[in-house]
Structure formats: structure tokens, C-alpha cells
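Written out below as C-alpha cells is the structure these notes cover.
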Amino acid sequence: KVLVAAPVEEAAGVDHPFIREYFLGLRGRRALQALPPERRAKLPHAALEPASSALSL
């Protein structure tokens, strides 16, 4: 099943549990930091939060 077929900047904003976890989880946010600034500017606000390695247990 295809949930979204769009550039990462648009896909990260799709409201679906899998998409949120994939792009807005720790690893996803770290990967999004590698995007050039002009592409990062198009990301949803939640994707721009710092990707800390500290996990609350």
C-alpha cells in the first residue's frame, strides 16, 4: 500500500502513524538534518525539532 508519493518535505507532513514515526522519530529527524537549508525550510515544524540521542525510558 502506498501511503504517499511525494518529495520528503511533503511526505514528512502526512498525518499517518507510520509516516510520523518514520520521519519524525529520532532516526528520521537525524536524517532530515542532512537536507540542504532550502529543503529543510519546507519541512513541517515537528521535523525541525532537535534530534537528541537522549531517550526517556
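How far is it, in nm, from the label point at Lys1 to the one at Gln33 when both lie 7 Å from their Cα along the line to the Cβ?
Taking the simple label geometry, Lys1 and Gln33 are separated by 3.3 nm.
With viscosity set to 0.890 mPa s at 25 °C, what whole-number translational diffusion coefficient in µm²/s follows for region 8-48 from Stokes-Einstein and a Kirkwood radius over Cα pairs?
Stokes-Einstein gives a translational diffusion coefficient of 248 µm²/s.
What is the calculated FRET efficiency for Asp15 to Ala51, with r their C-beta to C-beta distance and R₀ = 30 Å, to the nearest 0.05? Walk me through the numbers on the way to the answer.
Values: r = 21 Å, r/R0 = 0.69.
The computed FRET efficiency comes out at 0.90.
Given only helices, namely DSSP H runs of n ≥ 4 each adding -39500 (n - 2.57), what is the per-residue ellipticity at 222 nm of the chain, to the nearest 500 deg cm²/dmol?
The per-residue figure over the chain is -9000 deg cm²/dmol.
Values quoted throughout were computed directly from the atomic coordinates according to the rules given, and no laboratory measurement underlies them. Remember, it's a predicted structure, so these values are computed and weren't measured experimentally. Glycine gets a Cβ as well: all are built from the backbone with ideal geometry, and neighbour counts include every protein chain shown.
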